[in-house]
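Student: Got a structure here, written out as structure tokens. Questions coming.
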Amino acid sequence: MSWLRIEKLAVEVRGKLILKDFNLNIEKGEVHVLLGPNGAGKTTLIKTILGFKNYKVVNGHIFFKDKDITNLPTNERIQMGIGVLFQHPPAINGLKLSKLLTVCSEKRGNNTECTDELSSDIQQLATRLKFSPEYINRDVNLGFSGGEVKRSEILQMMVLKPDLLLFDEPDSGVDVENVELIAKIMRELLDRDKIPSKQGKSGLIITHLGYILKFLGHITRAHIMMDGTITCSGDPALIINSIMKNGFEACRECVSCVENSSLLKEVDFTL
Ligand code: ADP
Ligand code: MG
């Protein structure tokens, strides 16, 4: 079954066409990586999948689990099982992270009692992410460092347990040690260690670095996005090697350079 299917999507933001003829299909159990230069429209894609206002679909459709969600409100999309780690999530003055986590847990059908105490399950998850009770009782993302923001986003995903996980630059602004921690949890959330027939989660990972992918096991497919559309798709190791060696600008001239293995041998990057 297709977990995420995007057909001929065109999206306008404040009167400007950002996504154009965008197509993507992610089957149940698949993890794809999306690469592209700044301004290509990657974050716009994520916000459109979530149904943010100001991101106006002017053509095409988005399907999740074969249901057309193009016009569904954001909260219904989340309840259906879409989870996002945002590139720049907002700080929320007056809302404690602990409260947000409890609400997330309730939305997933857990009978958390109406108390200010966090359930022991959530506390354990927080400890794994190196969050002390003091952090959990702070306002969401307010004054958090870059790495703390990403870990707070991952923690919310661990509680929500989505079926389709969208990661918008989970590694940006994070030190190496915490990239490995975040990657380890992403690997679990994506069912990467289960046998293929038991892998029920799907993922789309946006990253500049490629480094985080080393920890995630098999990546099904990589895509290069430029100027609001996918210009090249294929084997992740080949594509990432090519970008590391030749940069995105080379893609503008010749996307088929990934087939030229002599270009790739000099870069030591294996997934
Ligand atoms: P990427 O994530 O690939 O770096 P973005 O999706 O953030 O790219 O941005 C793509 C283009 O859309 C940029 O030109 C950006 O300025 C524009 N854009 C995105 N969101 C908005 C917005 N809310 N208002 C105005 N322009 C926007
Ligand atoms: Mg972005």
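Student: Treating the angle as unsigned and between 0 and 90°, give the value, to the nearest 10°, between the Cα long axis of helix 236-253 and the longest Cα principal axis of the chain.
Tutor: The angle comes out at about 60 degrees.
Student: With Cβ to Cβ distances under 13 Å as the rule, what net charge do the other residues near F215 carry (K, R +1; D, E -1)? Numbers along the way, then the final one.
Tutor: On the way: positive: K184, R187, R192, K214; negative: D171, E177, E180, E188, D193.
Here the count lands on -1.
Student: Relative to the longest principal Cα axis of the chain, at what angle does helix 176-189 sit, 0 to 90 degrees, rounded to 10?
Tutor: So the inclination is approximately 80 degrees.
Student: Suppose every Lys and Arg Cβ carries +1 and every Asp and Glu Cβ carries -1, with no other charges. What dipole size does region 2-234 come out with about its Cα centre, to the nearest 20 debye? Mind showing how you got there, number by number?
Tutor: Values: 31 positive and 28 negative charges, 98 e Å.
I would put it at about 480 debye.
Student: Extending each Cα 7 Å along its Cβ direction at Y211 and N54, get the distance between those two points in nm, one decimal.
Tutor: 3.1 nm
Student: Which semi-axis lengths, in whole Å and largest first, follow from the square roots of five times the eigenvalues of the Cα gyration tensor of the chain? The partial results should precede the final answer.
Tutor: Details: eigenvalues 193, 97, 62 Å².
Each semi-axis is √(5λ); the values are 31, 22, 18 Å.
Student: If you take every DSSP beta bridge fully contained in region 2-234, what fraction is antiparallel? Give it as a percent rounded to 5.
Tutor: On the way: 25 of 42 bridges.
If I count the DSSP bridges inside region 2-234, around 60 percent turn out antiparallel.
Student: So what is the relative contact order of the chain, in percent, for Cα pairs below 8 Å that sit 6 or more residues apart?
Tutor: On the way: 485 pairs, mean separation 65.7, N = 271.
With pairs under 8 Å counted, the relative contact order is 24 percent.
Student: What number comes out for the charge environment of N71, summing +1 per Lys or Arg and -1 per Asp or Glu over other residues with Cβ under 13 Å away? Kindly include the intermediate steps, with their values, before the conclusion.
Tutor: On the way: positive: K53, K56, K67, R77; negative: D68, E76.
Charge balance near N71 sits at +2.
No value in this document is a laboratory result; all are computed from the given coordinates. Note that this is a predicted model, so its numbers are computed, not measured. Here the Cβ is made from the backbone with ideal geometry for all residues, glycine too, and neighbour counts use every protein chain on show.
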